[in-house]
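Read through the structure below, which is laid out as structure tokens, and then see the notes.
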Amino acid sequence: MIENLLLLWLAALPLMGSPGPATISLAASGSAFGIRPSLGYLGGIITGTIAVLLLVATGIATALLAHPIAGQVLTAIAAIYILYLAWKIATAPIRPASKPAHQTQASPKAKAPDFRGGVMLAIANPKAFAAIGAVYAAHAIAPYSAWLDNTLKIAALALVIVLVNSLWLVFGAGFARLLSDPRFGRIINILFAALLIASLAMALLSLS
């Protein structure tokens with residue numbers, strides 16, 4: 001059982017932790033707004049991705065994505081929100097490097113994405129369905145018991161979801177501490193916004 005669990009994690013970490021709309025958006029939010037203002041968004045991403053995991057585990061995801069209209073609606077929602085988020089990050093005010101994120105006074109227009117936005121993006125994220133579905137279907141931890149196997153896989157993959165998304169937020173926030181030049185900070189924000197749009201394009205291409 002332990003060996004099967006380790007094999008599951010070895011497969012899940014690079015696949016679920018690779019750059020995608022959710023992970024790139026967390027890094028971008030961390031860079032533009034800091035860790036503390038982005039915690040609500042992180043919570044939303046984690047909650048929404050675990051919801052996707054449960055949909056995959058119960059088989060609902062397969063039925064949902066098999067319906068062409070449902071799949072198109074999810075893709076459209078994700079695309080619209082990601083484009084909005086990219087614009088928000090690219091235009092975010094540059095925080096002074098000398099001030100911690102929690103001491104920075106941000107205007108209402110400079111607020112980090114919130115919990116609801118994180119949930120919406122995670123549930124509509126095509127990469128989440130593909131990555132979680134691939135790992136979940138290809139591995140078994142306790143093949144002698146279906147309910148135990150499903151329970152252990154859900155718990156193991158939920159841990160991966162929390163870990164990889166938290167690390168991407170911390171990774172992005174690390175850039176903010178290096179941004180002493182406002183012009184360089186603006187370039188970093190625009191770069192993250194471009195990467196976010198690129199991750200959307202790659203996710204859409206993988207579905208075609």
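The values are calculated or read from the model by the stated rules, or taken from the named source; none is laboratory data. Note that the structure is predicted; figures quoted are calculated from it, not measured. Cβ: placed from backbone, ideal geometry, glycine included. Neighbour counts: every protein chain shown. Just the protein is used for accessible areas: all its heavy atoms, side chains included, with ligands, DNA and RNA removed. Shrake-Rupley method; radii C 1.70, N 1.55, O 1.52, S 1.80 Å.
A few comments on the model shown:
- LYS99, sole failed condition from (1) part of a helix (DSSP H, G or I); (2) at pLDDT below 80; (3) open to solvent by 30 Å² or more (accessible area, probe 1.4 Å); (4) out of contact with any Ser or Thr (no Cβ under 9 Å at 6 or more places or on another chain): (1)
- LEU152, sole failed condition from (1) open to solvent by 20 Å² or more (accessible area, probe 1.4 Å); (2) assigned to a loop (DSSP other than H, G, I, E, B); (3) within 17 Å of LEU10 (Cα to Cα): (2)
- Filter pass, VAL164 being farther than 30 Å from LEU6 by Cβ, touching a helix residue (DSSP H, G or I) at 6+ places or on another chain (Cβ under 7 Å) and at pLDDT 85 or above: no
- Within segment 174-198, the set of residues being of a type in the set (S, T, N, Q) and modelled with pLDDT under 75 comprises just one member, SER180.
- Picking from residues in segment 1-59 that are under 24 Å from LEU152 (Cβ atoms) and among the polar types (S, T, N, Q), the one that is most open to solvent (accessible area, probe 1.4 Å) is THR58.
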